[in-house]
Amino acid sequence: AGSRGAVGVEARMASALDRAVVISLARRPAKRASMLGRARAAGLQPAVFEAVDGSAIDTEWLRAHGYVVYDGWRIKGHPSRFMQRGLKWGEIGCAISHLRVWEAAAARADCGERRPTLVLEDDILFPAGFASKLMHVLDAIARATAEHGATPPDLVYLLSKPIVARKPGEASPQFPVDEERQLELNPPALWKAGAYLLYPAGARKLAQTPYRANLVPTDDLLPTLAAGHPLRADLDALFAPPPDYGAPAADTGAERRVQEAGSMPKFAGHIPPVTRSQWFIAYAVTPNLLTECRLNMSDTENSAEM
């Protein structure tokens, strides 16, 4: 009975997703095989999305393929040492790889696809019972949007980390997923792009940004669009919502009530409005549903890969 139940929930997961894609470098076949094995053991039948190899590209390649790195990325004296240096080729390849996934998902959306894509980098670890846990997440999203008026997400982080420490009492509305996890609605800016659900509307929006002509780390683009980047006002200006976008009128009374309470409440039947633009909507599963495995890679190797 247990085996039949597992097969049933895996089939349900497969029907709920457009597809699962693993972004993977061809020159790391052992790492790819290991990731595909873990994904299949978790109940997925993933498609491999060939990553752009940072060691195989240069400025001429970028020019030939229509990509441009944001020339304002490096800021001398920035508090973050990461932002004091130029981007490495591995980071550029990673950014282009994610952009190509988004463009492919947007094209599928234009052909009528309405289900989300599960996007994974190839260093992800799955928990036991992953299929069931992911279905709990998808069911929670459906309840939050259909029954309680939450704005449908463009992207849902399955693995994330706050860019800056939250202030005491700072929180976003949370909707229960299961006994272990919550779905955080419109969270503060988050890092990590190793595992996320990308919805068709979100794919279209990402494909419409000027990212191709202003490449920055994917980990920095996504929070810029969703919440505003707490460390980079220039990115907020660079990737501002389209001028023809009309954001719904905000319920300023609800915002005032939240501010007076000193924090965002746990879910209680009311979803406070997002406060930036409501153009790109990100949710996050907390605690993280997935984790990373980097035990066999040095920091130097990480910087050259995904």
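Key figures for this structure:
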{"quantity": "³J(HN,Hα), Karplus 6.51/-1.76/1.60, whole Hz, each residue of the range 12-22, x for Gly, Pro", "calculated": "5, 4, 4, 6, 7, 9, 5, 6, 10, 10, 10"}
{"quantity": "Net charge of neighbours whose Cβ lies under 10 Å from the Cβ of S132, counting Lys and Arg as +1 and Asp and Glu as -1", "calculated": "0"}
{"quantity": "FRET efficiency estimate (nearest 0.05) - Cβ-Cβ, T151 to D178, R0 25 angstrom", "calculated": "0.70"}
{"quantity": "Extension gain (nm, one decimal) between E60 and S15, 0.36 nm per residue minus Cα-Cα", "calculated": "12.0 nm"}
{"quantity": "Within the range 85-127: Cβ-based charge dipole about Cα centre, in debye rounded to nearest 20 (Lys, Arg +1; Asp, Glu -1)", "calculated": "100 debye"}
{"quantity": "Whole-angstrom gap from the range 89-136 to the range 152-183, using each part's C-alpha centre", "calculated": "19 Å"}
{"quantity": "Fully extended contour minus Cα-Cα distance, from A213 to E113, at 0.36 nm per residue", "calculated": "33.3 nm"}
{"quantity": "Potential extension, K76-E103 segment - 0.36 nm per residue separation minus Cα distance", "calculated": "6.4 nm"}
{"quantity": "Mean accessible surface per residue for the range 122-239, computed with a 1.4 Å probe while every protein chain stays in place, in Å²", "calculated": "35 Å²"}
{"quantity": "Long-range amide H partners of R85 with built H, under 5 Å", "calculated": "I75"}
{"quantity": "Spatially near lysine pairs across the range 75-193, Cα under 23 Å, sequence gap of 8 or more or different chains", "calculated": "7"}
{"quantity": "Prolate/oblate/rounded call for the range 1-93, Cα gyration tensor, a/c under 1.5 rounded", "calculated": "prolate"}
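The values are calculated or read from the model by the stated rules, or taken from the named source; none is laboratory data. As the structure is a prediction and not an experimental result, all values here were calculated from the model. FYI the Cβ positions are ideal-geometry reconstructions off the backbone, even for glycines, and counts take in every protein chain you see. Only protein heavy atoms, including side chains, enter the accessible area calculation; ligands, DNA and RNA are left aside. Shrake-Rupley method; radii C 1.70, N 1.55, O 1.52, S 1.80 Å.
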